[in-house]
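These notes concern the structure reproduced below.
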Amino acid sequence: MTNIKILFGRKIKEYRKKKNLTQAQLAELVNVDDKHISCIESGKNFPSSDLIERLANSLSIEPKDLFEFYYLQDAAELKTDIISMLDKLSQEELALAHKYIRTFLLK
């Protein structure tokens, strides 16, 4: 399973790039060294709750948005997660999921 620090770092990087910010610019906005941002993005460090709040504010998002990274998992983890979710569906829900998946495959 991919480490939460790595997934969190990928999410920070994703939002930083959406805002067209460099690591140095984001670091300045949240009052930390740019090396610290680099370490967070690479999964070496995990920010304090205070820094998470400052990062979210600087990126114009809610702190919870930084923890929505299920889609950043590798393919094997995603498949395992999907199978786990499918096992919990009713027959009707499975039919609907099948319809959606088939739509992707027919593109």
Karplus-derived HN-Hα couplings along segment 30-47 (A = 6.51, B = -1.76, C = 1.60, θ = phi - 60°), whole Hz, x at Gly and Pro:
9, 6, 9, 6, 5, 5, 5, 4, 4, 5, 5, 5, 8, x, 7, 10, 10, x
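If you average over every viewing direction, what projected area does the convex hull of the Cα atoms of the chain give, in nm²? Please report the intermediate quantities before stating the final value.
On the way: hull surface 34.0 nm².
That works out to 8.5 nm², a quarter of the Cα hull's surface.
What are the GluC sites (Glu not before Pro) within segment 18-107 that DSSP puts in a loop, where the Cβ has at most 15 other Cβ atoms within 10 Å?
Working: sites: 28, 41, 53, 68, 77, 92, 93; in loops: 68.
Hits after loop and neighbour filter: 68.
On the protein heavy atoms, probe 1.4 angstrom, tell me the percent of accessible surface of the chain carried by carbon and sulfur. Mind dumping the intermediate values first?
Numbers: 4250 of 7580 Å².
After summing per-atom areas, the C and S share lands at 56 percent.
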GNM on the chain, Cα springs under 10 Å; top mean-square fluctuation among 83, 37, 61 goes to 83
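Can you sort 81, 87 by solvent-accessible area, 1.4 Å probe, largest first?
Details: 81 60, 87 120 Å².
Ranking 81, 87 by accessible area, largest first, yields 87, 81.
Beyond a 22 Å Cα-Cα separation, which of these cross-linked pairs lie in this structure: 17/79; 17/44; 18/64; 11/99?
On the way: 17/79 27 Å; 17/44 19 Å; 18/64 17 Å; 11/99 30 Å.
Table pairs above 22 Å Cα-Cα are 17/79; 11/99.
Over segment 25-107, what relative contact order in percent results from Cα pairs under 8 Å that are six or more residues apart? Walk me through the numbers before you get to the answer.
On the way: 29 pairs, mean separation 12.5, N = 83.
That works out to 15 percent.
By how many nm would the segment from residue 102 to residue 14 lengthen if fully extended, with 0.36 nm per residue of separation less the alpha-carbon distance? Walk me through the intermediate numbers first.
Working: separation 88, 0.36 × 88 = 31.68 nm, distance 2.88 nm.
Gain in length upon complete extension: 28.8 nm.
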Of every Cα-Cα pair in segment 41-93, the percentage lying beyond 13 Å is 71
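Just how large is the dipole of the chain about the Cα centre, in debye to the nearest 20, putting +1 at every Lys and Arg Cβ and -1 at every Asp and Glu Cβ?
Working: 17 positive and 16 negative charges, 80 e Å.
Around 380 debye, computed over the chain.
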How far apart, in nanometres, would the label points at residue 33 and residue 88 be if each is projected 7 angstrom from Cα along the Cα-to-Cβ direction?
4.2
Inter-label distance for residue 81 and residue 3, nm, one decimal - labels placed 7 Å from Cα along Cα-to-Cβ
1.9
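Go through segment 1-101 and name the chymotrypsin sites (Phe, Trp or Tyr not before Pro) that are in a DSSP coil and have 12 or fewer other Cβ atoms within 10 Å of their Cβ.
Details: sites: 8, 15, 67, 69, 70, 71, 100; in loops: 69.
Hits after loop and neighbour filter: nothing returned.
The values are calculated or read from the model by the stated rules, or taken from the named source; none is laboratory data. Keep in mind it's a predicted model, so treat the numbers as computed, not measured. Ideal geometry is used to build each Cβ from the backbone, glycine not excepted, and the neighbour counts take in all protein chains shown. In case anyone asks, the SASA skips ligands and DNA or RNA and just uses the protein heavy atoms, side chains included. Shrake-Rupley method; radii C 1.70, N 1.55, O 1.52, S 1.80 Å.
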